[in-house]
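Let me begin by presenting the structure, written as structure tokens, before commenting on it.
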Amino acid sequence: MQTLEIKKDIHWVGILNATVRVFDAVFQARFGTTYNSYLIQADKPTLIDGVHEKFTQEYIEKLRSLINLKDICYIVVNHTEMDHSGALPFLLKETPNAQILSTKTAALFLKNILHTEVKGKTVEDGECVSLGNKQLKFIHAPYWHWPDTMFTYLEEDQVLFPCDGFATHFCDERLFDDRVDTFFEDFQYYFEHVMGPYRKKILEAIEKIQNLNIQLIAPSHGPILRTDPWKYINAYKEWSTSRKNPDKKLILIFYASMYGNTRKMAEAVTRGASTMNTEVKLFDAASVSPELMRCEIESADGILLGSSTINGDALLPLWNIINIMFSVNAKLKKCATFGTYGWSGEATKLMEERLRGLKLNVVQPPIKVLLTPTEEDLKKCFFFGYDFAKSLTTNPVT
Ligand code: FEO
């Protein structure tokens, strides 16, 4: 597939990558992905977004099939992550008359990515740049999902270019949302994993585009959204809006237990934590999908983790839960650890260290029980839970 005119004088000039299965070494791309880039053939020809460095040659050939590269006046860098800026060093050599348009933060990032001075102009939030017969408007959207990000809106055609916003890792050469296979599950996966930690910022930027007429959303990955663009915007809005009970503090307790002793501790902790104005949910970490816990973790006010120690370490299901926390907004959430042990008992301390590393707030020392908990131990566990709940209800997270 070469290029595709998505609206009059606007061409998709992106790359299809049907074979990738893991994106950025982290994110699932079960149906591959695309690197979308768009050429606006206005009086001042303009390129929006770019592609990964390894597809530079294919990208340049596509562009050459449509335009003399020396005629390109602007390259809009909505976001500098290397899947969009990788081809820039070569592209800039071929486009000597082009000026980069970006936010100030993106310009700074580009300096450290390209290690060379580039001809650029930074644009303010709401600023417009004329392309002669068309006009671009720039809408700053920091933390969609990097601090450098902005949207570009092509006024005459009512097209929004939000880069990673409303994107999907999904490769289908039919490109338009009404032509490709079902992709909404992957659209939601992308939101939760890439945008999920920045829900407040998502809502702030959606507020800025609320009054725009948008006929088509042209993101940087996956299908181009033209059937009902607001369906996708409203989905982001809904997923970013908190649904938790504002009157109660939500505490999640995850445990993994080899012989049921840490489970007994977890149950006693749960009883203690439930005596305050709290909602407490207890999970056997070995029986839940960490992925399904993502929203729960995002909504929780406090998190308690319990693991027995094996070979000087915590059990894998707990590490899987902790690993989820780096990609959700868990920073500053209150937490603490507990667990049983036979002789060394490193699990609680190791979990604590990792939680601190992820910038969670460890509010009380761990509680450890040697082998089988006694009635006295379980009483301590009860008060461990009670104290934790009290720290949330009397000194809440702000
Ligand atoms: Fe598609 Fe944040 O890069």
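The values are calculated or read from the model by the stated rules, or taken from the named source; none is laboratory data. Every value quoted in this text rests on a predicted model; they were computed, and no experiment measured them. Glycine gets a Cβ as well: all are built from the backbone with ideal geometry, and neighbour counts include every protein chain shown. Side chains included, ligands, DNA and RNA excluded: accessible areas come from the protein's heavy atoms. Shrake-Rupley method; radii C 1.70, N 1.55, O 1.52, S 1.80 Å.
For the options Asn261, Asn78, Asn36, a Gaussian network treatment of the chain with springs between C-alpha atoms closer than 10 Å singles out Asn261 as fluctuating the most.
Using alpha carbons only, how many degrees (0 to 90, rounded to 10) separate the axis of helix 375-394 from the longest principal axis of the chain? Rounded to the nearest ten degrees, it is 40. Between Phe184 and Thr227, the modelled labels are 0.9 nm apart [label points 7 Å from Cα along Cα→Cβ]. Taking the Cα centre of region 1-157 as reference, the dipole from Cβ charges on Lys and Arg (+1) and Asp and Glu (-1) amounts to some 240 debye. Compute a Gaussian network model of the chain, connecting alpha carbons closer than 10 Å, and tell me which residue from Ser85, Ser274, Ser37 fluctuates the most. For the chain, modelled as a Gaussian network with Cα springs under 10 Å, the answer is Ser274.
Compute the long axis of helix 261-273 from its Cα atoms, compare it with the longest principal axis of the Cα atoms of the chain, and write down the angle in degrees, 0 to 90, nearest 10. Taking the Cα atoms of the chain, the angle to 261-273 is about 80 degrees. Across Trp230, Trp343, Trp239, the residue with the most accessible area heads the list, and the full order at a 1.4 Å probe is Trp343, Trp230, Trp239. Between Glu376 and Phe176, the modelled labels are 7.5 nm apart [label points 7 Å from Cα along Cα→Cβ]. For region 249-389, DSSP calls about 5 percent of its internal beta bridges antiparallel. Where a ≥ b ≥ c are the square roots of the eigenvalues of the C-alpha gyration tensor, would you call region 249-389 rounded, which needs a/c under 1.5, or, failing that, prolate if a/b is larger than b/c, or oblate? Since a/c reaches 1.5 but b/c is at least a/b, the shape of region 249-389 is classed as oblate. Using the rule -39500 (n - 2.57) for each DSSP H run of four or more residues, divided by the residues of the chain, the 222 nm mean residue ellipticity is -9000 deg cm²/dmol.
Between Thr3 and Leu114, the contour length at 0.36 nm per residue exceeds the Cα-Cα span by 37.3 nm. Which links in Lys201/Lys349; Lys8/Lys121; Lys248/Lys333; Lys54/Lys134; Lys54/Lys201 stretch past 22 Å when you go from one Cα to the other? In this structure, Lys201/Lys349; Lys8/Lys121; Lys54/Lys134; Lys54/Lys201 lie more than 22 Å apart at Cα. Apolar share of the accessible surface for the chain: 50 percent from carbon plus sulfur atoms, 1.4 Å probe. In summary, region 85-157 shows an alpha-carbon radius of gyration equal to 1.14 times the 2.2 N^0.38 Å reference for compact globular proteins. In this rough spin-label picture, where each label sits 7 Å from Cα along the Cβ direction, the Lys281-Asp71 distance is 5.6 nm. For region 341-368 and region 76-129, what is the separation of their Cα centres, given in Å? Result: 43 Å between the Cα centres. In terms of its C-alpha gyration tensor, region 1-134 comes out oblate, because a/c is 1.5 or above while a/b does not outweigh b/c. Which angle between 0 and 90 degrees, to the nearest 10, do you get for helix 347-357 versus the longest principal axis of the chain when only C-alpha atoms count? It is inclined by approximately 30 degrees.
Return the FRET efficiency for the residue pair Ala18, Asp125: r is the Cβ-Cβ distance, R0 is 45 Å, and the value is rounded to the nearest 0.05. The pair Ala18/Asp125 has a calculated efficiency of 0.75. The relative contact order of region 49-108 comes to 47 percent, based on Cα pairs under 8 Å that sit 6 or more residues apart. Using the Cβ-Cβ distance between Arg271 and Phe27 with R0 = 51 Å, the FRET efficiency computed as 1/(1 + (r/R0)^6) comes to roughly 0.85. Projected onto the charge dipole of the chain (+1 at Lys/Arg Cβ, -1 at Asp/Glu Cβ, origin at the Cα centre), which of Met1, Thr372, Cys128 gives the Cα projection farthest towards the positive end? Checking the options against the dipole of the chain, the answer is Thr372. Against the criterion of solvent-accessible heavy-atom surface with a 1.4 angstrom probe, Phe23, Phe383 sort, most first, into Phe383, Phe23. For the chain, a Gaussian network of Cα nodes joined below 10 Å ranks Ala107, Ala235, Ala98 by mean-square fluctuation, and the top entry is Ala235. Global dimensions of the chain from alpha-carbon coordinates: Rg and Dmax equal 25.0, 80 Å.
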